[in-house]
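Shown next, in structure tokens, is the structure this report addresses.
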Amino acid sequence: QVQLVESGGGLVQAGGSLRLSCAASGSISSITAMGWYRQAPGKQRELVATITSGGSTDYADSVKGRFTISRDNAKNTVYLQMNSLKPEDTAVYYCNLDFVGRWSGRELSFWGQGTQVTVSS
């Protein structure tokens, strides 16, 4: 089994900052990439940012220059520092893990439960 523990969501005023974290544990042989996605009410889930095991990052255009993704490989934890938050950043943020299963040896993907981020104007 794999577990993802997300934390750091909450309510913040526009222009404020939040830091999300997501810690992975369980039957993981190796991690390929970790990332954050978000889903606002009535909208599809969309990519926010991802980071590979080698440290390569990818960001949605809407968050470039405001959000920073980072990773602690020793702790299997990914962080999302969100600055200059806007009301349109309001969504449920989901952590995603791409990994190789310890027992199966297959590449798998796993989602966290999500954490609410609300930005008030």
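The values are calculated or read from the model by the stated rules, or taken from the named source; none is laboratory data. From a predicted model like this one, the values you see are computed outputs, not experimental measurements. Virtual Cβ from ideal backbone geometry, glycine too; neighbours counted across all protein chains shown. To get the accessible areas, we keep the full protein, side chains included, count just its heavy atoms, and leave off ligands, DNA and RNA. Shrake-Rupley method; radii C 1.70, N 1.55, O 1.52, S 1.80 Å.
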Go through segment 91-121 and report how many residues are more than 14 Å from the chain's Cα centre (by Cα) and either assigned to a loop (DSSP other than H, G, I, E, B) or β-branched (V, I, T) (or both). 9
Counting only residues that are touching a residue at least 40 places away in the same chain (Cβ under 8 Å) and polar (S, T, N, Q), which one in segment 38-72 is farthest from L20 (Cα to Cα)? Q39
Pick from segment 38-93 the residues that are surrounded by 12 or more Cβ atoms within 10 Å (Cβ to Cβ) and of a type in the set (D, E): which of them is farthest from A14 (Cα to Cα)? D58
Test L20 against the criterion of being in contact (Cβ under 8 Å) with a residue 12 or more places away in the chain, open to solvent by less than 30 Å² (accessible area, probe 1.4 Å) and in a strand (DSSP E or B), and give yes or no. yes
Going through G105, G101 one at a time, which residue ends up being modelled with pLDDT under 95 and open to solvent by less than 20 Å² (accessible area, probe 1.4 Å)? G101
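Yes/no per residue for (1) over 16 Å from T90 (Cα atoms); (2) of a type in the set (D, E, K, R); (3) in a strand (DSSP E or B):
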{"site": "V5", "(1), (2), (3)": "yes, no, yes"}
{"site": "S25", "(1), (2), (3)": "yes, no, yes"}
{"site": "A33", "(1), (2), (3)": "yes, no, yes"}
{"site": "W36", "(1), (2), (3)": "no, no, yes"}
{"site": "Q44", "(1), (2), (3)": "no, no, no"}
{"site": "D58", "(1), (2), (3)": "yes, yes, yes"}
{"site": "S62", "(1), (2), (3)": "no, no, no"}
{"site": "G65", "(1), (2), (3)": "yes, no, no"}
